[in-house]
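Working notes for the structure below.
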Amino acid sequence: MSNSALFLVLFITAFALVGAALVIAWLLAPRSSNFLKGQVYECGIPTRGNSWIQFKVGYYLFAILFLVFDVETVLLFPWAVIMRDLGPDGLFCAGFFLVILTLGLVYAWKKGALEWK
């Protein structure tokens, strides 16, 4: 069997299994039409007022900065594990990566993104 035929069989099998799982879940899922099902539920406390409020953009900015430096940690861990095998080129690349992230942190700091107002 050629690689393209094998890929096609795998692709069709994957779609069939996912489709079968969705159909079985739809058939076996319990259904109830109740007024309370459509109500907003937040930790067991009834909501007061309008639930659609705007949040400060600072929350999102802080979350994005957290994700950037979280990804940095995830990328640096595998590098640290195999550092001896990479040699000076690997050290240079990781150092360059850290310099770029440090410049990003300095930029965010200068713009006041880390100040909670």
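To keep it simple, each residue is scored yes or no on (1) surrounded by fewer than 10 Cβ atoms within 10 Å (Cβ to Cβ); (2) in contact with a Ser or Thr (Cβ under 8 Å, 6 or more places away or on another chain); (3) at pLDDT 80 or above.
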site: Phe35; (1), (2), (3): yes, no, no
site: Gln39; (1), (2), (3): yes, no, no
site: Gln54; (1), (2), (3): yes, no, no
site: Tyr60; (1), (2), (3): no, no, yes
site: Leu65; (1), (2), (3): no, no, yes
site: Val71; (1), (2), (3): no, no, yes
site: Val74; (1), (2), (3): yes, no, yes
site: Pro78; (1), (2), (3): yes, no, yes
site: Leu86; (1), (2), (3): no, no, yes
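Check whether at least one residue in segment 11-33 is at pLDDT below 85 and either of a type in the set (S, T, N, Q) or in contact with a helix residue (DSSP H, G or I) (Cβ under 8 Å, 6 or more places away or on another chain) (or both), and report yes or no. Yes, there is a match, as at least one residue in segment 11-33 is at pLDDT below 85 and either of a type in the set (S, T, N, Q) or in contact with a helix residue (DSSP H, G or I) (Cβ under 8 Å, 6 or more places away or on another chain) (or both). Taking helices (runs of 4 or more DSSP H) as the structural unit, those lying wholly within segment 1-115 and holding at least 1 residues that are at positive phi and of a type in the set (Gly, Ala, Ser) correspond to 83-111. Taken over segment 103-114, the residue count meeting the criterion of being surrounded by 10 or more Cβ atoms within 10 Å (Cβ to Cβ) and either under 22 Å from the mean Cα position of the chain (by Cα) or among the charged types (D, E, K, R) (or both) is 6.
The values are calculated or read from the model by the stated rules, or taken from the named source; none is laboratory data. This one's a predicted model, so the numbers in the text were calculated from it and none came from an experiment. Reconstructed Cβ throughout: ideal geometry from the backbone, glycine too, with neighbour counts over all protein chains shown.
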